[in-house]
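To start, the structure under review is shown below, and the notes come after it.
The values are calculated or read from the model by the stated rules, or taken from the named source; none is laboratory data. Computed from a prediction, not measured in an experiment: that's the story for all the values here. So basically every Cβ, Gly included, is an ideal-geometry build from the backbone, and we count neighbours across all protein chains shown.
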Amino acid sequence: MPSTSRAGSLKDPEIADLFFREDPEKLFTDLREIGHGSFGAVYFARDVRTAEVVAIKKMSYSGKQSNEKWQDIIKEVKFLQRIQHPNSIEYKGCYLREHTAWLVMEYCLGSASDLLEVHKKPLQEIEIAAVTHGALQGLAYLHSHNMIHRDIKAGNILLTEPGRVKLADFGSASIASPANSFVGTPYWMAPEVILAMDEGQYDGKVDIWSLGITCIELAERKPPLFNMNAMSALYHIAQNESPTLQSSEWTDYFRNFVDSCLQKIPQDRPHSEDLLQHAFVLRERPESVLIDLILRTKDAVRELDNLQYRKMKKILFQEAHNGPTTETQEGDEPEHGPGHTGTVSSVGSNQSIPSMSISASSQSSSVNSIPDAADDKSDHDLEKDHTVMSNSSVIHLKPVHTFMPSCITQIREEQMSGYKKHSKRKSLVELNENQSTPKKEKQEWLLKQKENFQHYQAEEEANLLRRQRQYLELECRRFKRRILIAKHNVEQDLVREELNKRQTQKDLEHAMLLRHHESMQELEVRQLGTIQKMRTELIRLQHQTELTNQLEYNKRRERELRRKHVMEVRQQPKSLKSKELQIKKQFQDTCKIQTRQYKALRNHLLETTPKSDHKAVLKRLKEEQTRKLAILAEQYDHSINDMLSTQALRLDEAQEAECQVLKMQLQQELELLNAYQSKIKMQTDAQHDRERKELEQRVSLRRALLEQKIEEEMVTLQNERSERIRSLLEKQAREIEAFDSESMRLGFSNMVLSSLPKKDFISPAITLIQRISLSIVLSLLLAFLAFKGMNYHIH
């Protein structure tokens, strides 16, 4: 059923089937309270239909937390309907009347705790074995159906008239196993239940631990750590070693059984089926051991009743002889048990933190080189006379004014030597031919030859000068063209070197930008991590301080409430004493009146009866007086007990209500604080995730912009490189074209100049010079011979 349903609502058919529709006040009579607790009260009753004696547990679901009370009632009824075992209390039905549930069960004489209270001493070992055996059979049934009792103790182990052991009080039981709620009575609680909030779930072995504590309770009249308060006991149970039996009078079987039940690690603890085979519960013992224990308990209860009667008789005797007493006596402060039964539910919350990755890419660039220009320097002289350094801006060239005259001088020397040899041979031939001619003819011929020679010499000299001038101009044009090509090569080398240097500088600049980006990214990530770590530590310290302050505040409020309750308890005995004296005075007055009536009745009967019957009448009157005085004593004790229980119950209920209200208030405040702290943690984690994502986006954007910038700069550099190379090649092509055009305009062909060897330009000039030189030699020889001939004729 959902928890939002209204308390007492039977609209749901599944819930309506859990309860009977009859009026329980018409079905059950002779209700007498036989016990009570925080849940309500338990009554002795008789079923009018079958005259069967039953026990009725009344549980109210009105007032504060009515829905929670209603859910607990539904849970217990469902649990009781599901179980059916000889060692579990029998469920007979549940009725609703005036916001109270009447839970009807079989009637039991009392609990194992009542046995300790009546006899004021521990049970015998065979009696503990019998009680434990019955409880183990009930637990084995529950555990086989995946159910957990979670509140095993002597007070919840009942005994019936035939000596049957019954498990009772399933208000804390769990229908499912494993469970994880913090439920049970502190001193009997297993360590894994105490640690359930931190370490997870537990199973039916928690009942085995509680059964071991119950064995110590039956053997020592109280569980271990009972002298501590509940919180301290829980801490000791969780942290310290397991308890053991203190006295040495118990057998090794009993000690081994208790030690097996109280194993700290649940895995080492045996199951209930295994413990049913233990020697302690299987040892031979009389079958009537529990029946004898019940009979001895009944005798002890009757002896207590007789003691109460004798006590009242003594009070009446003192009153008759000494008169009324008004003495008052300060009572000691009542001792309160340090523990109480409570149920606490805890809910744990889980959380978790994302990761961040960083990637970097590398970029490479290539340097394109411009093609080398064709080298036209095929001539050996150019290779010898010119020095061009492609890796520098210095060019060494041999000057033109030192290079050209040396060629001319060499040509002239060759021409003059050839000319002299030719002229000498020609003069000798002509001299031999003309020795026979007359002198006059010879002179005329010489003059004619001289004129012809001079004319021919002038023409040859003109041709020679023209050809020399043409040769020099061709050499100069070829040299200038080579110088121009060398200059172009140097310019290309310089541009290529400059562009390569700029490319290298850009690569270094881009690599430095990428390293700077990665260093900045690493620094930002480390700084963000440091900030988030400091923020998380600050929030943790703040939450720890808040939680510590809240816990101290809770403890202070509880101490103040306990101090208030102690003051109320200290003030209680004075008022109780005055009320007790008032009741005692009323009882004494009643006894006096009854005594006077008895005397008057005795006198009347003695007067009206024969004397022989006086003795019997007096005996009957004596017995009647004794019976009435016993009834009065019982009424007196009942009045005193009712007054004390009512006053203490009222005070305890008020104090318990105040404690419950305070605990709920403090628990709500603690839960609100935990919820607020969890919300702050979640907000902080979300903020950290958001900051990390923003940083990743910012770094990615910056990296993309940087790569885009690098790519744009590389494209710009490549475009500039291509443009400069193209412009340089176009400029050089225009210069070559202009130079070649000018050469063609002047009548020179570069192709011819480039293909003709140097000797083709020198041979015609040498032949001409040789011919001129021979003519000059012959003319000189003729002149010399003519001069000798004239001298010969004279002689």
Residue check: is Glu241 at pLDDT below 90 and not aromatic (Phe, Trp, Tyr)?
no
Qualifying positions in segment 28-55 - farther than 21 Å from His638 by Cα, in a loop (DSSP other than H, G, I, E, B) and of a type outside the set (A, V, I, L, M):
Ser38, Phe39, Arg49, Thr50, Glu52
Write out, first by first residue and then by second, each pair whose Cβ atoms fall under 6 Å of each other, whose residues are 6+ apart or on separate chains, and whose first residue, in segment 631-656, is farther than 21 Å from Gln594 by Cβ and in a helix (DSSP H, G or I) while the second is modelled with pLDDT of 75 or more and not hydroxyl-bearing (Ser, Thr, Tyr).
Gln655/His565
If you go through segment 10-19 one residue at a time, do you hit one that is crowded, with 18+ Cβ neighbours inside 10 Å and closer than 26 Å to Gln665 by Cα?
no
Within the set of pairs 6+ apart or on separate chains, which have a first residue in segment 161-187 that is more than 22 Å from Gly110 (Cα to Cα), a second that is acidic (Asp, Glu) and assigned to a loop (DSSP other than H, G, I, E, B), and C-beta atoms under 7 Å apart?
Ser177/Asp203; Pro178/Asp203
Any residue in segment 500-507 that is in the same structural domain as Lys681 (by the TED database), assigned to a helix (DSSP H, G or I) and closer than 30 Å to Leu695 by Cα?
yes
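Determine which member of the set Gly163, Gly138, Gly212, Gly204 is at pLDDT 90 or above and surrounded by fewer than 21 Cβ atoms within 10 Å (Cβ to Cβ). Steps first, answer last, please.
On the way: Gly138 fails: surrounded by fewer than 21 Cβ atoms within 10 Å (Cβ to Cβ); Gly212 fails: surrounded by fewer than 21 Cβ atoms within 10 Å (Cβ to Cβ); Gly204 fails: surrounded by fewer than 21 Cβ atoms within 10 Å (Cβ to Cβ).
Answer to the check: Gly163.
What tally of residues in segment 673-716 results from selecting those that are farther than 30 Å from Asn549 by Cα and surrounded by 12 or more Cβ atoms within 10 Å (Cβ to Cβ)?
Count: 18.
Being closer than 25 Å to Lys487 by Cα, assigned by the TED database to the domain that holds Arg478 and under 60 Å from the mean Cα position of the chain (by Cα), is that true of even one residue in segment 728-738?
Pass one, segment 728-738, residues closer than 25 Å to Lys487 by Cα: 728-738.
Filter once more, keeping what is assigned by the TED database to the domain that holds Arg478: 728-738.
Those still in the list that are under 60 Å from the mean Cα position of the chain (by Cα) too: none.
No, segment 728-738 contains no residue that is closer than 25 Å to Lys487 by Cα, assigned by the TED database to the domain that holds Arg478 and under 60 Å from the mean Cα position of the chain (by Cα).
For the condition within 30 Å of Arg535 (Cβ to Cβ), touching a helix residue (DSSP H, G or I) at 6+ places or on another chain (Cβ under 6 Å) and of a type outside the set (Ser, Thr, Tyr), what is the one hit in Gln683, Gln687, Gln677? Talk me through it step by step, then tell me what you get.
On the way: Gln683 fails: touching a helix residue (DSSP H, G or I) at 6+ places or on another chain (Cβ under 6 Å); Gln687 fails: touching a helix residue (DSSP H, G or I) at 6+ places or on another chain (Cβ under 6 Å).
One residue alone meets the criteria, Gln677.
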Identify, by number, the condition in (1) touching a Leu at 6+ places or on another chain (Cβ under 6 Å); (2) in contact (Cβ under 8 Å) with a residue 60 or more places away in the chain; (3) at negative phi that Pro286 doesn't meet.
(1)
